[in-house]
Amino acid sequence: MAQRLAQTRPGALGALLYESCIPVTGEWAFGSWPEGPPVQIHGAEGDEFFGEDLPAARELVGIAGPELAELYSYPASALRFTDRTVCTRSDSTLSTV
């Protein structure tokens, strides 16, 4: 949702993407990344679903450029690594986010 809004709403100030990233080109794209808004993408290294989104995240960073886009990967083994009820993340990982 955050990515779609940042890509399609004029005047978006930025986006924080957690645990997913949709391609910015191709069939599933909402459109290109607009000029200006920064983006941070956060995901777990061991999350099989984020692993599928990782190429799209890298593409977005490449398109937006390193001055506007950052990709963060954390040592966790499951989806929803920022959820305090999930036992697979470490307290140090969550405090880093």
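The values are calculated or read from the model by the stated rules, or taken from the named source; none is laboratory data. No experiment lies behind these values; they were computed from the predicted model shown. A quick note on method: Cβ atoms are made from the backbone with ideal geometry, for glycine too, and the neighbour counts reach across all protein chains shown.
General observations
- Note on segment 32-52: residues that are crowded, with 19+ Cβ neighbours inside 10 Å and among the charged types (D, E, K, R) amount to 1.
- Within segment 19-31, considering residues that are surrounded by 11 or more Cβ atoms within 10 Å (Cβ to Cβ) and at pLDDT 90 or above, the one nearest to G65 (Cα to Cα): V24
- Figure legend. Inter-residue proximity from segment 42-63: first residues within 19 Å of P75 (Cβ to Cβ), second residues part of a helix (DSSP H, G or I) and hydroxyl-bearing (S, T, Y), beta-carbon distance below 9 Å, spacing 6+ or different chains. Indicated pairs: A44/T93.
- From the options G43, G31, residue that is part of a strand (DSSP E or B), in contact with a helix residue (DSSP H, G or I) (Cβ under 9 Å, 6 or more places away or on another chain) and not β-branched (V, I, T): G43
- The set of residues from segment 53-74 being buried (at least 20 other Cβ atoms within 10 Å of the Cβ) and touching a helix residue (DSSP H, G or I) at 6+ places or on another chain (Cβ under 7 Å) comprises A69, Y74.
- Which listed residue is outside any strand (DSSP E or B), out of contact with any Phe, Trp or Tyr (no Cβ under 7 Å at 6 or more places or on another chain) and at pLDDT 95 or above, from G62, G51: G62
- Hits in segment 8-41 (condition: closer than 16 Å to P55 by Cβ and either in contact (Cβ under 8 Å) with a residue 24 or more places away in the chain or touching an Asp or Glu at 6+ places or on another chain (Cβ under 8 Å) (or both)): L17, E19, S20, C21, I22, P23, V24, T25, W33, V39, I41
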